[in-house]
Amino acid sequence: MTSRHHASSPLGARLTATSSPDHPTAAMLVLHGGASDSQMKVAPLSLAVLRLIPVAWAVARQLPDVAVYRLRFSVRGWNGDGAEVLADARWALDEIADRWPGLPVVLVGHSLGGRVALHLAGTDGVAGAVGLAPWAEPGDPVNQLAGVPLAIVQGTEDRMVPEPGTRAWLAAAAAAGAVISSTLIDGGGHAMLRHWRRWHRLAAAGVRMALSSSVQGHARDSAAAPGSGA
């Protein structure tokens, strides 16, 4: 990163550190929501950005050994194939990897940010993902998710991304071998305002689960590797 606390991409994405412990054991990248189609730039004070700041701080408080970062996308929309927001997230992951080589990263995404997180879960350096009211379409990729931990938190009163609409993708992800923990908050809505403390606790618990599952998976892989026996 260009500094300890923030960096900007050539396309206009912005990466900001919420917490930066001296010796972190993992990192977390928070991804905000957006729109289906929009080329508008994301304003620093947009509601989509602002509603994820308390989530980032809550996880930073509960997991003080985790370096927590927030990404502001360069555009508001998914825009067909998600190329721009996915490129923004990959850029942010590269920045974090430059700052903390080899550190596992958990993606925490809300709505559109959840879709980005679920697309990139299981790719290089990404230990898992937490989807908060995530947008997930039936045809979204799942082949990279074998053994990858995913924590999904949704609300029964979500009108923007109703929970039943994500079931087909979650079933496909489970069939592909993803390790899924799902929680449905009774009365919870898309903005995560009602029962906000529970949303925050579950976000932190999801990060903890993803990191724990990732460590266990690496241990199993090591034990199964040739020459690893006693």
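How do Asp65, Asp140 line up, fewest other C-beta atoms within 10 Å first?
Numbers: Asp65 11, Asp140 17.
With the fewest neighbours first, Asp65, Asp140 line up as Asp65, Asp140.
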What is the local net charge at Gly82, summed over the other residues whose Cβ is closer than 14 Å to its Cβ (Lys, Arg +1; Asp, Glu -1)? -3
What ranking do Met40, Met192, Met28 get, fewest neighbouring Cβ atoms within 10 angstrom at the top? Met40, Met192, Met28
When the C-alpha atoms of the range 63-141 are aligned to their principal axes, what extent does each axis show, in angstrom, from largest down? 34, 21, 20
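What is the projected area of the convex hull of the Cα atoms of the chain, averaged over all directions, in nm²? All intermediate terms of the calculation are to be shown ahead of the outcome.
Numbers: hull surface 50.8 nm².
Taking the Cα atoms of the chain, their convex hull projects to 12.7 nm² on average.
Pairs of Cα atoms under 8 Å, at least six residues apart: use those to get the relative contact order of the chain, whole percent. Present the calculation step by step, with values, prior to reporting the outcome.
Numbers: 487 pairs, mean separation 41.8, N = 230.
Across the chain, relative contact order equals 18 percent.
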Once amide H atoms are placed 1.01 Å from N in the peptide plane, what residues at a sequence separation of 5 or more from Val30, or on another chain, have their amide H within under 5 Å of its amide H? Tyr69, Arg70, Leu71, Val108
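Convex hull over the Cα atoms of the range 1-124, averaged projected area in nm²? Kindly include the intermediate steps, with their values, before the conclusion.
Numbers: hull surface 27.2 nm².
Mean projected area of the Cα convex hull: 6.8 nm².
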Sum up the charges of everything whose Cβ sits under 12 Å from the Cβ of Leu118, counting Lys and Arg as +1 and Asp and Glu as -1, but leave Leu118 out. -1
Run the simple label-point estimate for Asn79 and Ala43 please: 7 Å along Cα→C-beta, distance reported in nm. 1.9
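Rounded to the nearest 5, what % of DSSP beta bridges with both residues in the range 6-224 are antiparallel?
Working: 8 of 37 bridges.
Of all bridge pairs located within the range 6-224, approximately 20 percent are antiparallel.
Using a cut-off of 12 Å between beta-carbons, work out the net charge of the residues near Gly12 (Lys and Arg +1, Asp and Glu -1, Gly12 not included). List each step's numbers first, then the result.
Numbers: positive: Arg14, Lys41, Arg72, Arg76; negative: Glu84, Asp88.
That sum, taken over residues with Cβ under 12 Å, equals +2.
Laboratory data are not the source of any read-out in this text; all were calculated from the coordinates shown. In this text, all values refer to a predicted model and were calculated from it rather than measured experimentally. Don't worry about glycine lacking a Cβ; one is built from the backbone with ideal geometry, like all the others, and counts go over all protein chains shown.
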